């Protein structure tokens, strides 16, 4: 989606939640998953800060972090436990 396609900040925020909640991945190492989530948030935060400048919402950023964090340990199954 191009910047010109987004009509306002609320629309951008809605699309960002949909995009972030649609991302998934698989990795054998839990620390790789954590680092990937942090990188995704950093990318989001950079774009959001650049596009929204003075009207950034801290609670919205917390929501994105929560979505990226997901279920954390509940979604992680160590390879040694898979039979």
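Every number here is computed from the coordinates shown, using simple stated rules; none is lab data. Please read these numbers as outputs of a predicted model, since none were measured by experiment. Heads up, the Cβs are rebuilt from the backbone with ideal geometry, glycines too, and the neighbour counts pull from every protein chain shown.
So how many residues does region 23-61 have that are under 18 Å from residue 12 (Cα atoms) and more than 10 Å from the chain's Cα centre (by Cα)?
Total meeting the criteria: 15.
Tally time: how many residues in region 35-55 are touching a residue at least 40 places away in the same chain (Cβ under 8 Å) and surrounded by 14 or more Cβ atoms within 10 Å (Cβ to Cβ)? Before you say what the answer is, go through the steps one by one.
Here is the first cut: in region 35-55, the ones touching a residue at least 40 places away in the same chain (Cβ under 8 Å) are 51-52, 55.
Checking the rest, the ones that are also surrounded by 14 or more Cβ atoms within 10 Å (Cβ to Cβ) come to 51-52.
Counting residues in region 35-55 that are touching a residue at least 40 places away in the same chain (Cβ under 8 Å) and surrounded by 14 or more Cβ atoms within 10 Å (Cβ to Cβ) gives 2.
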